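Colleague: Once you've had a glance at the structure underneath, I'll fire off some questions.
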Amino acid sequence: MIREFSPLCFKTLAAVAIGCALLLAPTFPANAGSSPAAANEMQPDAKHDIEIVDITGRKVTLSHPASRVVLGDARHIMELAMLLDDPVAHIAGWRQDKSLDPARYRLFAEKFPAIDDIATVGAGNRQLSVENVIALQPDVVILSLLDAENPATEVQLQQLSEAGIPVIFVDFFSHPIENTEPSMAILGRLFAAEQKATELIEFYNAHLDVIRDRIAQANPERPRVFIQVHATPQKCCASVGSGVFHDFIQAAGGYNLGQDSVPGIMGNIGLENLIALDPDFFLATGGVHMRDRGGLVIGAGVSQDETDRSFAQLLSAPGIAELRAVKSGQVLGIWHLFNDSPMHIALIEELAKRFHPGLFADLDPAATLHDMQARFSPIASDGVWWSDAPAEVE
């Protein structure tokens, strides 16, 4: 059975605890529709109640580890895969507005064919079909802090509560440096996979602490960094003011120029303003989703040739080509989907090497990413994760 602790009193939250929690009624049987393998995996701790405080401070108690969940963000299968031998067996449904890239989806499908049977419970603009979720009878729904900051979520929480379905919030996006560790710990407790979660957290913190400690001791001057997200040569420039890539730049010892003019997580900066900013470094994010937009193509399943061609087109665009950072080769193309994943620790290492080569010459970000995939992921994709400017535009 699942219990709650106080009446629903949900408010917009950042990453802090709130003073009231959600009252949850008894829910459906935990193993309804789940695979025998998933049920057996959870039996060792099945006799003990599991108390969870999620990333917003809401408290939930379950009578058994979760074996059947709905993901608010499909990409969070990557976090489940870092903890569970068969993550797909635990996913009854997911929302597809933040989905896996095609290359990694294919790798999951080869290893876990049942991924094609996962039900869709919503898509664009963070829409969630409560009716579809209730029909799946999950043990719990896992949502993102982005949902917690959406006023429409309060109604959905009330509906799910009335149906006896608990909800927990995690965060790998809005405040990734702050919330990756507690979010992985929450998931580890939810699935009775604390040991694996601890191993991942220790790996993550060991790499992050090297960067934090050296920057704290050396206190170097922070280079002024501009990052164009979902980068295209036609429309300049979407950037970030807080969260996600802002946090990565700051952790690596840079200063994100977007924080001075972009309210919230993402907004636009005009090309004239970018030229006036004259950044020390120009970063750009992209992915396979940018092929149809004529933007930077980089990431899982992408060849270096394709990345070079698309990056050259971006860097030769009027205005961007005249930037001092571009002329001096202080540029980096980045896989956009480092967001929403603890694998961003490898990107932070790469940025630290770029911003402060004297401090971090010994770091090997590619090895970090390889080790992380080998130790904590059931799939390992080839691709281009970050890239220098092609020779012809340096």
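Colleague: Restricting attention to segment 357-394, which residues are under 18 Å from GLY254 (Cα atoms) and part of a helix (DSSP H, G or I)?
Modeller: Once the filter is applied, which keeps residues that are under 18 Å from GLY254 (Cα atoms) and part of a helix (DSSP H, G or I), segment 357-394 yields PRO357, GLY358, LEU359, PHE360, PRO365.
Colleague: Need pairs with beta-carbon distance below 8 Å; first residue over 10 Å from ALA389 (Cβ atoms) and at pLDDT 95 or above and within segment 326-350, second in a helix (DSSP H, G or I) and among the acidic types (Asp, Glu); sequence gap 6+ or separate chains.
Modeller: Listed pairs, sorted by first residue: PRO342/GLU79.
Colleague: Further question on the same structure: Within segment 310-325, take every residue that is in contact (Cβ under 8 Å) with a residue 60 or more places away in the chain and of a type outside the set (A, V, I, L, M) and give me the one that is nearest to GLY286 (Cα to Cα).
Modeller: Top of the filtered list is PHE311.
Colleague: Since ASP260 meets every condition but one in (1) touching a Phe, Trp or Tyr at 6+ places or on another chain (Cβ under 7 Å); (2) open to solvent by 40 Å² or more (accessible area, probe 1.4 Å), which condition does it not meet?
Modeller: Only one criterion in (1) touching a Phe, Trp or Tyr at 6+ places or on another chain (Cβ under 7 Å); (2) open to solvent by 40 Å² or more (accessible area, probe 1.4 Å) is unmet by ASP260, namely (1).
Colleague: Ok, one more. Might you let me know whether segment 291-303 holds any residue that is in contact with a helix residue (DSSP H, G or I) (Cβ under 6 Å, 6 or more places away or on another chain), open to solvent by 30 Å² or more (accessible area, probe 1.4 Å) and touching a residue at least 60 places away in the same chain (Cβ under 8 Å)?
Modeller: yes
Colleague: Would segment 163-177 turn up any residue that is part of a helix (DSSP H, G or I) and either β-branched (Val, Ile, Thr) or touching a residue at least 24 places away in the same chain (Cβ under 8 Å) (or both)?
Modeller: Yes.
Colleague: Counting only residues that are open to solvent by less than 30 Å² (accessible area, probe 1.4 Å) and touching a Lys or Arg at 6+ places or on another chain (Cβ under 7 Å), which one in segment 132-167 is modelled with the lowest pLDDT?
Modeller: ASP147
The values are calculated or read from the model by the stated rules, or taken from the named source; none is laboratory data. Because the structure is a prediction, the values reported are computed rather than measured. Because the Cβ atoms are built from the backbone with ideal geometry, glycine has one as well, and the counts that use them run over all protein chains shown. These accessible areas exclude ligands, DNA and RNA; they are computed on the full protein's heavy atoms, side chains included. Shrake-Rupley method; radii C 1.70, N 1.55, O 1.52, S 1.80 Å.
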